[in-house]
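The values are calculated or read from the model by the stated rules, or taken from the named source; none is laboratory data. Computed from a predicted structure; not experimentally measured. Here the Cβ positions follow ideal geometry from the backbone for every residue, glycine too, while neighbour counts run over all protein chains shown. We work out accessible area using only protein heavy atoms, side chains counted, and drop any ligands, DNA or RNA first. Shrake-Rupley method; radii C 1.70, N 1.55, O 1.52, S 1.80 Å.
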Amino acid sequence: MINLHEWCTYYALDSAKMNVGVAHSEVNPNTRVMNSRGIWLAYLLLTTALHVVLLSIPFLSVPVVWTLTNIIHNLAMYLFLHTVKGTPFETPDQGKARLLTHWEQMDYGVQFTASRKFLTISPIVLYILASFYTKYDTTHFLVNTGSLLSVLLPKLPQFHGVRLFGINKY
């Protein structure tokens, strides 16, 4: 029979070797979440669902729906990838990710990986579709261009870790 002291000692030593209480072996799961199986498909399906829901609103025209889809998509992408910092769970990385946005944590900060390329190309494709279906109307074109730039510029490697005007510094 094992006593309580031996049991605690055994499990204390065992827990120092692994991430206890988690279902993954990553120190920071934010680094790998966009490489998870099916995440790109889920992303595309959610964007399509947003567009279909907006299309079902009877008083919105098709150009307005495309512009709204683009703006809502880019706003959500900006908020989730470039504004929120840290991780939504306890990580054993000594707080290294505390001051980094999700985009800066992705793929351990390595630029031009497959998931980063996908998340850079998707707003561009949505912008092209929105511009085409709005027939390049000046108002829609300017709004869509501003929305695209607001989500594309923070993705550039030159802006990695940069906080303009001290916004989102802490």
Inset, instruction - List the number of the failed condition for THR48; all other conditions in (1) open to solvent by 40 Å² or more (accessible area, probe 1.4 Å); (2) in contact with a helix residue (DSSP H, G or I) (Cβ under 8 Å, 6 or more places away or on another chain) hold. - result: (2)
Inset, instruction - Answer yes or no: is there a residue in the stretch 19-29 that is within 22 Å of the chain's Cα centre (by Cα), at pLDDT 65 or above and assigned to a helix (DSSP H, G or I). - result: yes
Legend entry - Cβ-Cβ under 7 Å pairs, at least 6 apart or on other chains, the stretch 33-54 side farther than 23 Å from GLY86 by Cα, far side open to solvent by 50 Å² or more (accessible area, probe 1.4 Å): LEU50/ILE72; LEU54/LEU68
Legend entry - Candidate set: the stretch 114-139, residues that are farther than 22 Å from LEU79 by Cβ and in contact (Cβ under 8 Å) with a residue 24 or more places away in the chain; chosen: the one most open to solvent (accessible area, probe 1.4 Å): LYS135
Inset, instruction - Need at least 2 residues that are under 29 Å from THR31 (Cα atoms) and among the aromatic types (Phe, Trp, Tyr) per element, so show me which helices (runs of 4 or more DSSP H) inside the stretch 44-160 make the cut, counting only ones lying wholly within it. - result: 114-133
